[in-house]
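Enquirer: I'd like to ask you about the structure that follows.
The values are calculated or read from the model by the stated rules, or taken from the named source; none is laboratory data. For clarity, every value in this text was computed on a predicted model and none was experimentally measured. So basically every Cβ, Gly included, is an ideal-geometry build from the backbone, and we count neighbours across all protein chains shown. To get the accessible areas, we keep the full protein, side chains included, count just its heavy atoms, and leave off ligands, DNA and RNA. Shrake-Rupley method; radii C 1.70, N 1.55, O 1.52, S 1.80 Å.
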Amino acid sequence: MTIAHVQEQTARPRGRRLLPWAGYAAFWTGAGLFFALAEWQRYMHYGGLHPWEPFLWELSGSLSAGLLAVAIYRWNEWLLNRGSPPSTIVAGHLAGVVAYALAHCALMFGSRWAVYALVHVEYQPGTLLSILGYEGAKDTVTYMLVLLLSMGWRAFLREQRQAAEVERLNAHLAQARLERLQEQVQPHFLFNTLNLVSSVMHEDVERADRILAELADLLRQSMSAAKVAEHTLAQELRWVEPFLSIMRQRFGERLRARIAVSEAAGRCIVPTLLLMAPVENAVKHGVARSTAGAEVEVVAEVVDGRLCIDVIDTGDAPVEPHAGGTGLANARARLAALQGDAAGITLQREDGRTRVRVTLPARAQGAA
């Protein structure tokens, strides 16, 4: 579960709200036409005088059944939502079968008599007892089928609601984890930077003063960034560049920095302060542990719909020191909270260069 998706809106346009009901009406109409065509063939084979009669019979039966099926569903919901004991529910459905049979016969035969009266054709369906006996058996079966479908639909909706609730809770949990991890990032960065300031103070007070001034400015920007979980890579570089400037005050010519970010990559969304840990590691392990210094590069581009960010240093430190510590661990955890398995951080050493690669889906600012 990730939190990088937009909250679904619950309000739907009127046309979309009516679409399920249109499909429901089409189903019952289609069922009536299907049986009407079958009955029409038999009717004409035996010399029927009015070809429209099979359509009236079957459509009046199916459409009235469709109308009353909604009542069966609501009746079942009412019985279950009251928390009634099983005996009460069974008794309620027995009464429902009787009510459905009577209502269905009334609607079906009432509409037929009305049509026959309009076209001045005599209609003799039989006695009341024969009608109730014949139709009652079919109506009992219909009621049970609709009831089973209602129970299945109720179970489906309950499962959907539970899944939505689990998703909502997971999103809140992921957000809480993200905020907790982000709180850990800033003290971690501050601790490491103040250690560097402490070492400089004994060598050059003016340089330490410049570092503290830049640090204060960086922290002000960092506090603003902490108000959001994500921003563009271009905005992220606003924190990387001052950090590298502070490190240059410490290492002088031993630190050579280069940033090469494509325009498309700069517009992509990344977690706030995502690059601070990789850049800190590059300086700490690549530059600080190399007597000749090292070059630190931040390179980013969009490749096949994915944002690839490389933080490279040319220091001679092995991979193990880079991999340790809380910085990269927190960066990995934040990416997992935001993007799940779609994002990741890898670390490798090749050709005298240590490369930390961050990959995540390329999602431009303002994109849905």
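Enquirer: With the structure loaded, tell me whether GLU183 is modelled with pLDDT of 75 or more and more than 26 Å from ASP316 (Cβ to Cβ) or whether it fails that test.
Expert: Values: modelled with pLDDT of 75 or more: no; more than 26 Å from ASP316 (Cβ to Cβ): yes.
So GLU183 fails the test.
Enquirer: Contact list please: Cβ distance under 6 Å, first residue in the range 39-58 and within 19 Å of MET108 (Cα to Cα) and in a helix (DSSP H, G or I), second residue open to solvent by less than 90 Å² (accessible area, probe 1.4 Å) and of a type in the set (Ser, Thr, Tyr), pairs at least six apart or on different chains.
Expert: These pairs meet every condition: PRO54/TYR43.
Enquirer: I need a count of the residues in the range 120-143 that are in a helix (DSSP H, G or I) and free of Cβ contacts under 8 Å to residues at least 24 places away in the same chain. Let's see the steps before the verdict.
Expert: Initially, the range 120-143 is screened for residues in a helix (DSSP H, G or I), giving 128-143.
Adding the requirement that they be free of Cβ contacts under 8 Å to residues at least 24 places away in the same chain leaves 128-130, 133-134, 137-138, 141.
Total meeting the criteria: 8.
Enquirer: Moving on to the next point. Among what's in the range 158-180 and is modelled with pLDDT of 65 or more and either open to solvent by less than 50 Å² (accessible area, probe 1.4 Å) or among the acidic types (Asp, Glu) (or both), pick the residue that is farthest from the chain's Cα centre (by Cα).
Expert: Top of the filtered list is GLU159.
Enquirer: If you go through the range 223-281 one residue at a time, how many are part of a loop (DSSP other than H, G, I, E, B) and either among the aliphatic types (A, V, I, L, M) or under 24 Å from ALA213 (Cβ atoms) (or both)?
Expert: Of all residues in the range 223-281, those part of a loop (DSSP other than H, G, I, E, B) come to 226-229, 262, 267, 272-275.
Subsequent filtering for residues that are either among the aliphatic types (A, V, I, L, M) or under 24 Å from ALA213 (Cβ atoms) (or both) retains 226-229, 272-275.
Qualifying residue count for the region: 8.
Enquirer: Let me confirm something: among THR346, THR354, which residue is in a strand (DSSP E or B), open to solvent by 60 Å² or more (accessible area, probe 1.4 Å), of a type in the set (S, T, N, Q) and at pLDDT 80 or above? If you could, list the steps in order and put the result at the bottom.
Expert: On the way: THR354 fails: open to solvent by 60 Å² or more (accessible area, probe 1.4 Å).
Every option except THR346 fails the conditions.
Enquirer: Checking GLU236 against (1) modelled with pLDDT under 80; (2) open to solvent by less than 10 Å² (accessible area, probe 1.4 Å); (3) acidic (Asp, Glu): exactly one of these is not met. Which one?
Expert: Status for GLU236: all satisfied but (1).
Enquirer: So which residues in the range 357-366 are under 17 Å from MET276 (Cβ atoms) and either open to solvent by less than 40 Å² (accessible area, probe 1.4 Å) or part of a helix (DSSP H, G or I) (or both), if there are any at all? Write out each step before concluding.
Expert: First pass over the range 357-366, keeping only residues under 17 Å from MET276 (Cβ atoms): 357-358, 360.
Answer for the range 357-366, where residues must be under 17 Å from MET276 (Cβ atoms) and either open to solvent by less than 40 Å² (accessible area, probe 1.4 Å) or part of a helix (DSSP H, G or I) (or both): VAL358, LEU360.
Enquirer: Inspect the range 244-252 for any residue being within 31 Å of the chain's Cα centre (by Cα) and surrounded by fewer than 19 Cβ atoms within 10 Å (Cβ to Cβ) and give the result as yes or no. If you could, list the steps in order and put the result at the bottom.
Expert: If we filter the range 244-252 for residues that are within 31 Å of the chain's Cα centre (by Cα), which is where we start, we get none.
No; the residues of the range 244-252 include none that is within 31 Å of the chain's Cα centre (by Cα) and surrounded by fewer than 19 Cβ atoms within 10 Å (Cβ to Cβ).
Enquirer: Regarding ALA292, is this residue surrounded by fewer than 16 Cβ atoms within 10 Å (Cβ to Cβ), under 21 Å from ARG258 (Cβ atoms) and at pLDDT below 80? Write out each step before concluding.
Expert: Details: surrounded by fewer than 16 Cβ atoms within 10 Å (Cβ to Cβ): yes; under 21 Å from ARG258 (Cβ atoms): yes; at pLDDT below 80: yes.
Yes.
Enquirer: Looking only at the range 110-138, how many residues end up being over 57 Å from the mean Cα position of the chain (by Cα), open to solvent by less than 70 Å² (accessible area, probe 1.4 Å) and polar (S, T, N, Q)?
Expert: Result for the range 110-138: 0.
Enquirer: I've got another one for you. Scan LYS227, LYS284 and give me the residue that is open to solvent by 60 Å² or more (accessible area, probe 1.4 Å), touching a helix residue (DSSP H, G or I) at 6+ places or on another chain (Cβ under 9 Å), of a type in the set (D, E, K, R) and at negative phi. Full working, then the answer.
Expert: Details: LYS227 fails: touching a helix residue (DSSP H, G or I) at 6+ places or on another chain (Cβ under 9 Å).
None of the others qualify; the one that does is LYS284.
Enquirer: Keeping to the range 88-109, report how many residues are open to solvent by less than 40 Å² (accessible area, probe 1.4 Å) and either without any contact (Cβ under 8 Å) to a residue 12 or more places away in the chain or acidic (Asp, Glu) (or both). Break it down stepwise before answering.
Expert: From the range 88-109, those open to solvent by less than 40 Å² (accessible area, probe 1.4 Å) are 89, 92-93, 96-97, 100-101, 103-105, 108-109; that's our starting set.
With the extra rule that they be either without any contact (Cβ under 8 Å) to a residue 12 or more places away in the chain or acidic (Asp, Glu) (or both), the set shrinks to 89.
Going through the range 88-109 one residue at a time, the tally reaches 1.
Enquirer: Tell me which of these TYR143 doesn't satisfy, since it passes every other one: (1) open to solvent by 30 Å² or more (accessible area, probe 1.4 Å); (2) farther than 17 Å from TYR24 by Cβ.
Expert: Exception for TYR143: condition (1).
Enquirer: Here's another thing I want to ask about it. Which of the residues that make up the range 51-87 are over 41 Å from the mean Cα position of the chain (by Cα), under 30 Å from ALA36 (Cβ atoms) and either among the hydrophobic types (A, V, I, L, M, F, W, C) or exposed (fewer than 12 other Cβ atoms within 10 Å of the Cβ) (or both)?
Expert: To start, the set of residues in the range 51-87 that are over 41 Å from the mean Cα position of the chain (by Cα) comprises 51-61, 87.
Subsequent filtering for residues that are under 30 Å from ALA36 (Cβ atoms) retains 51-61.
Within the range 51-87, PRO51, TRP52, PHE55, LEU56, TRP57, LEU59 meet the criteria.
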